[in-house]
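To start, the structure itself, in structure tokens.
The values are calculated or read from the model by the stated rules, or taken from the named source; none is laboratory data. Computed from a prediction, not measured in an experiment: that's the story for all the values here. Quick reminder, even Gly has a Cβ in these numbers, built from the backbone with ideal geometry, and neighbours come from all protein chains shown. For accessibility, only protein heavy atoms count, side chains too; no ligands or nucleic acids. Shrake-Rupley method; radii C 1.70, N 1.55, O 1.52, S 1.80 Å.
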Amino acid sequence: MAIIGTFRKDGENYTGSIETLTLRAKLTFEPAPKKSDNAPDFRVLNHADDYTSEIGAAWTKTSREGAQYLSVRLDDPSFAAPINCRLIKTGSESGHSLLWERARPRD
């Protein structure tokens, strides 16, 4: 499991940045209007120099231990395929880490 981003809770939003071998970006998770039960809870926005683009979505989930986290799906032209991550609360009051783990092959 790799930490690819750090975020802070800012009101209803999460703001921070991610860094991979091919992507460095400032992102914001903004609440999304729920149009159906399966619709995402957040839109993930990339803030570049002169524009903002949507590069993903996130859904609120609860772990077996009862902790809430965001299940995140990001996509970028530099990725071979979309990636799935988890935004989890870290030790600090408003700190969160974006964790990525490569999917394991199914038998």
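Kindly list the number of the only condition in (1) within 16 Å of GLU12 (Cα to Cα); (2) free of Cβ contacts under 8 Å to residues at least 40 places away in the same chain; (3) surrounded by 10 or more Cβ atoms within 10 Å (Cβ to Cβ) that fails for ARG73. ARG73 satisfies every listed condition except (1). For segment 33-72, the set of residues classified as within 21 Å of ILE3 (Cα to Cα), assigned to a strand (DSSP E or B) and among the polar types (S, T, N, Q) consists of ASN46, THR60, THR62, GLN68, SER71, listed by residue number. For ASP41, the conditions (1) closer than 18 Å to LYS89 by Cα; (2) open to solvent by 50 Å² or more (accessible area, probe 1.4 Å); (3) not polar (S, T, N, Q) all hold with the exception of (2). Condition check for ASP76 on (1) touching a His at 6+ places or on another chain (Cβ under 8 Å); (2) at pLDDT below 90: one failure, at (1). Does ARG86 satisfy the condition of being within 10 Å of the chain's Cα centre (by Cα), within 16 Å of MET1 (Cβ to Cβ), modelled with pLDDT of 90 or more and open to solvent by 40 Å² or more (accessible area, probe 1.4 Å)? In short, yes.
Can you spot a residue in segment 23-36 that is under 17 Å from ASN84 (Cβ atoms), free of Cβ contacts under 8 Å to residues at least 24 places away in the same chain and either among the acidic types (Asp, Glu) or open to solvent by less than 90 Å² (accessible area, probe 1.4 Å) (or both)? Checked segment 23-36: no residue is under 17 Å from ASN84 (Cβ atoms), free of Cβ contacts under 8 Å to residues at least 24 places away in the same chain and either among the acidic types (Asp, Glu) or open to solvent by less than 90 Å² (accessible area, probe 1.4 Å) (or both).
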